[in-house]
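The structure under discussion appears below in the form of C-alpha cells.
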Amino acid sequence: ATTVQVGEGSAASLIMTLNGQALPVEDGLPTLTMRAGTALTQSLAIRVLNNQGAGLANRGLSVDLEAGESCAEFAEAGVTDESGTITFGQGNLAITAGGNVGTCVYRLAHGATTANARLRIVQIPGPPVIATLTAAEVRSLTNTPQSPNEWTDDTSVLVTLQARDANNLAPEGLRMWLNVSNCHVSARAFELDENGYGTAVYTAQLPDRAYS
C-alpha cells in the first residue's frame, strides 16, 4: 500500500471582503471609506489562501502604511483562524481612523510570499460634535397657533445650521435632524453640504411662547 500525504500548501494569495462583498475599487486599489476619528463598524475579512484557493490557518499578517499621514491604525492582527481569515471591524479586531481627512495606502502581507495586497483607506470628516444655528436677522415674529401656509419673510425668519466634527471639519453628506420647541419649522431633516451647512429652515412662533 502506498500512503500519500497531502500538505496544505504554501500561501499564494490574499483576498479582502467587506461585509462579505468585494471592496469597491478606486484608483486601482480596493478602497475602504471611514469617517475621521471613528472605529470601523463594518466587517473587513482578510483571507490567506493557497494555490487552490483554500484558506490557511495560523498564518500571520503584517499591515504596513505605505502612504498617507494621520492614518487609520490597525489592531495587532495575530494569526488566521481555521478558515484562513483575520477579521477587523465591530466585535473583532479594531481599525480606528486617524483624526484628519486624506487618503492612506497600506500593504497587507503574509511574510515574503505572494500572499499580499494593498488597501486604500479614504478618511472623510467625522460625525458632527458642534452645531451652530444662525438667524438671518433678530426680530419679533407674529404668534401663530399653526405653521404658516406660506413661509415668507413676513411670517418667519431664515435660520441656517452649520456643523463641524471634532477637528473642525465639515461632515459633508451626513443627515441631521432639528429638534425644536415653541416654534414651527419648514423642515426638520436635511443633508449637510460640502461646507457643513444644512438646508435653510424658516421658523415661526407658537402663541405666547418665546422663539427658540
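The values are calculated or read from the model by the stated rules, or taken from the named source; none is laboratory data. Fair warning: this is a prediction, and the values are worked out from it, not measured in the lab. Ideal geometry is used to build each Cβ from the backbone, glycine not excepted, and the neighbour counts take in all protein chains shown. When the accessible area is computed, the model is the full protein with side chains, heavy atoms only, and any ligands, DNA or RNA have been set aside. Shrake-Rupley method; radii C 1.70, N 1.55, O 1.52, S 1.80 Å.
Computed quantities for the displayed model
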| read-out | value |
| --- | --- |
| q = 0.08, 0.12, 0.13 Å⁻¹: log10 I(q)/I(0) that the Debye formula gives for the chain, counting C-alpha atoms only | -0.46, -0.73, -0.79 |
| Proximal charge balance of Leu169 [Cβ under 14 Å; K/R count +1, D/E count -1] | -2 |
| With 5 Å bins from 0: P(r) over the stretch 86-198, alpha-carbon pairs, percent | 2, 9, 14, 14, 13, 11, 9, 7, 6, 5, 4, 3, 2, 1, 1 |
| Accessible carbon and sulfur surface of the stretch 56-207 relative to its total accessible area, %, 1.4 Å | 46 percent |
| Across the chain: Cys residues that no other cysteine approaches within a C-beta distance under 4.7 Å | Cys183 |
| Per residue, in Å², the accessible surface of the stretch 146-201 once ligands and nucleic acids are set aside, probe 1.4 Å | 57 Å² |
| All Cα pairs of the stretch 42-143, percent lying beyond 18 Å | 58 percent |
| Percentage relative contact order, the chain, counting C-alpha pairs under 8 Å, at least six apart | 17 percent |
| Solvent exposure of the stretch 8-130 as accessible area per residue, Å², 1.4 Å probe | 49 Å² |
